[in-house]
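Undergrad: The structure is given below, and queries will be raised subsequently.
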């Protein structure tokens, strides 16, 4: 693999992938579930309804899934999907709905379209090889009005996700430093060439053009090499850490080894609505009512008073972050010394009550005083979205992938089930909520691995035998190794 040359190469490396894609169907031959409308969605999703799990209790916790994986999942979701077109209650053809994210695990929510096009995301003092962050390193770079300068504004929706985005910025920047110092090689084992002199060696005025190009090519190589390393390590972490924890490990290993059976995009890669609007929303039940952010600060995900401002901070909404509210990642992932990390809620059919009565600030496009109570529920919104996109029933999908469907008794519901609810109930019944069941795992694993296989720049396509070069001494690269390399937890 040769280095890219010329000033446009950094735009190409970050933005050569399509800037958007479309949604589509993983199971196009399955009919939509018969719509049951708002009334049944309300039975499931209003406070006090079938899916109200109250406040998070110890017996709801998942000992196999540290709390940080909820927010890693949210980052992955924002890397892959953004539907800004379809409207609740209006049937939409998925193929006509634009996915405003690239259908690749390429971290476009981190890199934008690259330093040339998305220059506001980059640090000019590094010749745009590094991503920008706040002067004190505690927060994202922001405008004077507090707006985060990031590739996807949704990554500032809550404090934990915003701080995870910051970790990935620091990871990229640390990779840049390590490449330039010669401490590490690029993804395929090559050392970067030494930096050419930026000043002319003779006393003639002006810098020769070929010398300017040498300097520009050097910084292009630094950026593209760092970006490839970061992307490949992230992709590895998605498959070998995230998927192996949230899915049935045997089924994930089968898909990883043998490839997908049902999601095999050929010429035109698309985002399946069965994934985006159902299966990958398994993360919603894993959200806790509150989190310990660091030794001195614990906050609820939303304030008790929906009219409350963010100063003083008492909750975990997004926005500017002071040092006293910065995330200590030892409370979210196993990383070093004694066990401090919290666990997620189990993957099951109930959500914490705060998600059934969202504040206006948490609902895209909502206006104060104009948010009807039913659509303030994340559950109701998810169920109506599934009808908008014409998703098949959970039972039909189970039969399609060769699984025996759950019974009405197991589902605690009669008739064709919402696919999202079915996947959550399947995890609860088949796996005690510790990970997804067979239908949920099949969809999530096939789409994530299938997208990597369809991407010619991914590690699975470009270098199938690749292994993380930033792994620990045992060859493992997971959240702890990423956090240590980024410099946000100690290296012990």
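The values are calculated or read from the model by the stated rules, or taken from the named source; none is laboratory data. Because the structure is predicted, anything quoted here is derived from the model rather than measured. Glycine also receives a Cβ, built like all others from the backbone with ideal geometry; neighbour counts cover every protein chain displayed.
Undergrad: Specify the residue that is surrounded by the most Cβ atoms within 10 Å (Cβ to Cβ); the eligible residues are those in region 432-444 that are touching a helix residue (DSSP H, G or I) at 6+ places or on another chain (Cβ under 6 Å) and outside any loop (DSSP other than H, G, I, E, B).
TA: In this case the residue turns out to be 440.
Undergrad: Within the set of pairs 6 or more residues apart or between chains, which connect a residue that is at positive phi and buried (at least 19 other Cβ atoms within 10 Å of the Cβ) inside region 306-327 to a residue that is in a loop (DSSP other than H, G, I, E, B) and at pLDDT 85 or above with Cβ atoms less than 8 Å apart?
TA: From region 306-327, the pairs are 319/146.
Undergrad: Give me the pairs, please: first residue somewhere in region 215-237 and at positive phi and in a helix (DSSP H, G or I), second residue anywhere and at pLDDT 95 or above and buried (at least 20 other Cβ atoms within 10 Å of the Cβ), beta-carbon distance under 6 Å, and either six or more positions apart or on two chains.
TA: Pairs found: none.
Undergrad: Enumerate the strands (runs of 3 or more DSSP E) found wholly within region 249-356, keeping only those where 2 or more residues are under 20 Å from the mean Cα position of the chain (by Cα). Please lay out each step first, then the result.
TA: Details: elements: 290-294, 297-300, 343-345.
It comes to 290-294, 343-345.
Undergrad: Out of everything in region 260-269 that is surrounded by 14 or more Cβ atoms within 10 Å (Cβ to Cβ) and at pLDDT 95 or above, what residue ends up being farthest from residue 449 (Cα to Cα)?
TA: 262
Undergrad: Moving on to the next point. On the given criteria, is residue 349 touching a helix residue (DSSP H, G or I) at 6+ places or on another chain (Cβ under 6 Å), more than 25 Å from residue 310 (Cβ to Cβ) and modelled with pLDDT of 95 or more? Explain how you work it out, then say what you get.
TA: Numbers: touching a helix residue (DSSP H, G or I) at 6+ places or on another chain (Cβ under 6 Å): yes; more than 25 Å from residue 310 (Cβ to Cβ): yes; modelled with pLDDT of 95 or more: yes.
Yes, satisfied.
Undergrad: Restricting to region 101-128, and then to whatever is part of a loop (DSSP other than H, G, I, E, B) and either touching a strand residue (DSSP E or B) at 6+ places or on another chain (Cβ under 8 Å) or without any contact (Cβ under 8 Å) to a residue 12 or more places away in the chain (or both), can you tell me which residue is nearest to residue 289 (Cα to Cα)?
TA: It comes out as 101.
Undergrad: With the checklist (1) touching a helix residue (DSSP H, G or I) at 6+ places or on another chain (Cβ under 8 Å); (2) without any contact (Cβ under 8 Å) to a residue 40 or more places away in the chain in hand, flag the one item residue 261 doesn't pass.
TA: (2)
Undergrad: For residue 137, work out the one condition from (1) out of contact with any strand residue (DSSP E or B) (no Cβ under 9 Å at 6 or more places or on another chain); (2) closer than 25 Å to residue 67 by Cβ; (3) touching a residue at least 60 places away in the same chain (Cβ under 8 Å) it doesn't fulfil.
TA: (3)
Undergrad: Could you check region 477-492 and list, in sequence order, the residues that are in a loop (DSSP other than H, G, I, E, B), at negative phi and either touching a helix residue (DSSP H, G or I) at 6+ places or on another chain (Cβ under 6 Å) or at pLDDT 95 or above (or both)? Working first, answer last.
TA: Step one: of region 477-492, the residues in a loop (DSSP other than H, G, I, E, B) are 477-478, 487-492.
Those left that are additionally at negative phi: 477-478, 488-492.
If the condition is that a residue be in a loop (DSSP other than H, G, I, E, B), at negative phi and either touching a helix residue (DSSP H, G or I) at 6+ places or on another chain (Cβ under 6 Å) or at pLDDT 95 or above (or both), then 477, 478, 488, 489, 491 are the ones that fit.
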